[in-house]
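**Student:** Before I ask anything, here is the structure I am working with.
What follows draws every value from the coordinates through simple rules; no lab data is involved. It should be emphasised that the depicted structure is a prediction, and the values quoted were computed from it without experimental measurement. We place every Cβ from the backbone using ideal geometry, glycine too, and count neighbours over all the protein chains shown.
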Amino acid sequence: MARLVANLIIYLCLLCSIIKANESGDSNVQDTVAKVVYKTPEISGFAYLVETFDNEEKFKKSWVLSEAKKDSVDEDIAKYDGIWSIEEPKEHAQEGDLGLVLKSKARHAAISTTLSKPFYFGDNPLIVQYEVNFQEGQECSGAYLKLLTLDAEHQDLKKFHDKTPYTIMFGPDKCGNNHKLHFIFRHKNPLNGSIEEKHCKKPRERLEDFFKDKQSHLYTLIIRPDNSFEIKVDNKVVNSGSLLDDFTPPVNPPLEIEDPTDVQPEDWDDKEKIPDLSAVKPDDWDEDAPAQIVDEDDIMPEGWLEDESPMIPNPDSVKPEDWDIEMDGEWEPPEIPNPKCADAPGCGPYKQKMKKNPRYKGKWSPPLINNPNYKGKWKPKLIHNPNYFNDQHPFRMMPIFAVGFELWSMSTDILFDNILVADDEEVARKWAEDTFEVRRARIEKESVTLWGRILKVTNYKPGWWVLYFIYCAVPVVLYIWYLLKRVREYSVWHQVGVFATEHRWICGTCIIIPGFAILLIIYYCCLASQDKYDVKDEDKQPLEANEQTAQKQEETENQLPNTEAEEEIEKLNENEEIIESEDNDNPAIGGDGPRRRKPNKD
């Protein structure tokens with residue numbers, strides 16, 4: 001027992017030393033992360049809007065709270081009185097890195113700001129991106145951004161409400177199990193000037209995790225002048241397509257529509273099958289035959305108590321003293337199951353079972369045949385659509401002058417940060433790198449767990465899995481060995497051990513076979529992967545020498561007279577075979593195979 005305890009202590013010490021080495025290896029990284037001081041990022045080019053919310057005074061001057069009321073709702077919740085605040089994130093906060101937080105729930109909230117100048121849809125793309133963090137998860141709430149339409153009648157942002165005209169609405173939204181990533185644009189009819197919302201198709205990717213992981217996510221919308229669009233989450237494309245083809249309803253109406261005044265002719269026969277009037281009911285068809293008949297072969301089971309009733313009056317029951325015959329009628333004792341029937345197949349009159357009637361065919365009806373007068377399914381005729389138009393440039397939307405959040409939320413502490421509206425994709429990409437990617441890298445380093453570090457190490461060094469397996473197997477083997485020592489001497493395991501001790505070759509086999517298997521695992525996990533990717537410098541030299549030799553031979557060959565061409569070609573062919581064999585012996589670099597010298601054109 002003492003030996004077992006000592007071995008376990010040694011095992012734990014070895015395992016702790018490995019874990020400590022991993023922790024010390026990452027401690028320098030964590031110290032470096034802790035020393036990073038946040039600095040508000042600077043935009044690398046022009047943008048219509050850049051908002052980091054790091055300067056609270058600037059925020060109060062540029063952002064406007066709505067004082068409007070929402071129509072068609074109860075008076076007590078109609079006002080936009082949601083609470084907004086500038087705060088640090090609840091988790092993975094960095095001093096000075098602030099965001100806009102919607103604090104209240106079950107209230108309407110609206111806030112907006114103007115662009116540096118209106119955005120007109122012309123030759124440059126539109127890029128909108130911002131970060132959202134549902135810090136308390138998400139029950140039922142939107143976090144979408146509205147890009148407000150430049151309209152002389154709706155310039156006052158204090159009156160911003162749900163009916164304020166917008167050009168684009170973009171962002172996440174969830175209620176119940178319905179997860180959405182909105183992209184809606186309002187298209188103006190070129191014929192009559194009417195406005196119609198166009199809804200983008202659903203994303204290809206699953207969106208559930210973005211609402212429940214309580215992490216910050218970057219939402220990006222890119223619309224290009226060629227009518228293409230891309231939607232990204234965390235710089236990964238989750239939806240893409242065309243403004244012309246991937247929206248409902250489509251931008252352009254159909255060229256032809258069904259004539260609403262067209263009526264189906266009275267003589268139009270749209271019945272594909274009709275009864276065969278020439279068919280006659282067969283003589284042996286009995287419509288009155290029942291579906292089931294008595295099974296005459298069924299006999300009463302043996303022991304059936306035909307004279308006994310299944311239920312009998314309870315002999316122990318007594319008529320209540322207050323029983324009034326005039327009011328309650330003649331008293332009868334309640335019935336109970338007949339105890340004589342408990343062990344019998346049954347009691348009372350026996351009824352034979354029913355079976356299907358082989359003569360039953362049901363109601364006869366004539367078979368169906370093809371209708372000779374069938375003309376097909378009737379449809380109204382097509383006419384030219386009077387409202388038809390062909391807008392091949394839906395990208396040219398109504399101009400934008402402001403952005404805003406107009407939300408109803410059943411969740412609290414929704415954080416928004418790093419809003420950008422630009423017309424240069426490179427500027428937006430650089431802005432995402434300087435904001436979201438920096439934050440994500442910092443959070444990943446801060447969130448690395450011990451198990452995560454072990455997995456990271458083993459991904460690059462598969463041989464460590466063998467070591468972990470051995471260390472995990474040691475206590476199990478020791479425990480089994482301890483139990484085996486305590487079993488009785490005449491047990492099977494003891495007899496096997498005695499036999500193996502008396503025959504040394506069995507012990508040697510038991511050691512060699514597992515040892516050989518472990519060596520193979522170590523070789524294929526460690527050495528094979530190293531040989532595949534690691535190439536030593538001295539291995540590159542023969543290839544370079546071969547290349548120089550081939551070049552010298554080509555120069556010599558070009559200078560040889562024609563009279564000696566055949567002899568030199570034979571020599572060069574021999575050299576070529578030697579070079580090829582050397583190349584085959586050396587590992588290939590950069591995917592190159594054996595090098596062959598080009599034949600002389602002369």
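**Student:** So what is the relative contact order for segment 292-443, in percent, with contacts set as C-alpha pairs under 8 Å and at least six apart?
**Tutor:** 25
**Student:** Also: Using the scaling law 2.2 N^0.38 Å as the reference, what is the normalised Cα Rg of segment 299-351?
**Tutor:** Relative to the 2.2 N^0.38 Å estimate, segment 299-351 comes out at 1.57.
**Student:** At 37 °C and 0.692 mPa s, what whole-number value in µm²/s does Stokes-Einstein give for the translational diffusion of segment 131-290, with Rh from the Kirkwood sum over Cα pairs?
**Tutor:** In µm²/s, the coefficient rounds to 158.
**Student:** Then there's this: Tell me the net charge near Ile419. Cut-off is 11 Å between Cβ atoms, Ile419 excluded, with +1 for each Lys or Arg and -1 for each Asp or Glu.
**Tutor:** Summing Lys and Arg as +1 and Asp and Glu as -1 gives -3.
**Student:** Could you tell me the largest-minus-smallest coordinate of the C-alpha atoms of segment 289-397 on each of the three principal axes, in descending order and whole angstroms?
**Tutor:** 94, 50, 35
**Student:** What is the order of Cys510, Cys175, Cys341, fewest Cβ neighbours within 10 Å to most?
**Tutor:** If I rank by nearby Cβ atoms, fewest first, I get Cys510, Cys175, Cys341.
**Student:** Within segment 166-187, what residues put their amide N at less than 19 Å from the label point 7 Å along the Cα-to-Cβ vector of Leu244?
**Tutor:** Taking a point 7 Å out along Cα→Cβ of Leu244, the residues of segment 166-187 whose backbone N falls under 19 Å are 185-187.
**Student:** In square nanometres and to one decimal, what's the mean projected area of the convex hull around the Cα atoms of segment 237-356?
**Tutor:** For the Cα atoms of segment 237-356, the hull's average projected area reads 29.3 nm².
**Student:** Could you tell me which of the pairs Lys69/Lys105; Lys117/Lys146; Lys69/Lys202; Lys201/Lys381; Lys198/Lys236; Lys146/Lys174 are separated by over 28 angstrom between their Cα atoms in the structure shown?
**Tutor:** Correct reply: Lys69/Lys202; Lys201/Lys381.
**Student:** I would also like to ask the following. Any chance you could run the full-extension gain for Asp424 through Glu56? It's 0.36 nm times the residue separation minus the Cα-Cα distance, nm to one decimal.
**Tutor:** 129.7 nm
**Student:** Moving on. If neighbour count is taken as other Cβ atoms inside 10 Å, put Phe516, Phe436, Phe134 in order from fewest to most.
**Tutor:** Starting with the residue having the fewest Cβ neighbours, the order is Phe516, Phe436, Phe134.
**Student:** Right, another one. Taking Cα pairs under 8 Å and at least six residues apart, what relative contact order does segment 100-172 come out at, in percent?
**Tutor:** With pairs under 8 Å counted, the relative contact order is 35 percent.
**Student:** Given N residues in segment 215-277, what is its alpha carbon radius of gyration divided by 2.2 N^0.38 Å?
**Tutor:** Rounded to two decimals, the normalised Rg is 2.26.
**Student:** Around Ala344, with a cut-off of 14 angstrom between Cβ atoms, what is the net charge of the other residues, counting Lys and Arg +1 and Asp and Glu -1?
**Tutor:** That sum, taken over residues with Cβ under 14 Å, equals -4.
**Student:** Ranked by Cβ crowding within 10 angstrom, fewest neighbours first, how are Met311, Met398 ordered?
**Tutor:** Met311, Met398
**Student:** Sticking with this structure for a sec: Once the piece of chain linking Arg224 and Trp268 is laid out straight, how much longer is it, given 0.36 nm per residue of separation minus the C-alpha distance between them?
**Tutor:** 10.7 nm
**Student:** Figure the gain on full extension for Lys163 and Trp505 (residue separation times 0.36 nm, minus the Cα-Cα span) and round it to one decimal in nm.
**Tutor:** 114.1 nm
**Student:** Oh, and also: Could you calculate the FRET efficiency of Ser194 with Asn124 from 1/(1 + (r/R0)^6), where r is the beta carbon distance between them and R0 is 25 Å, rounded to 0.05?
**Tutor:** Efficiency computed from Cβ-Cβ geometry: 0.35.
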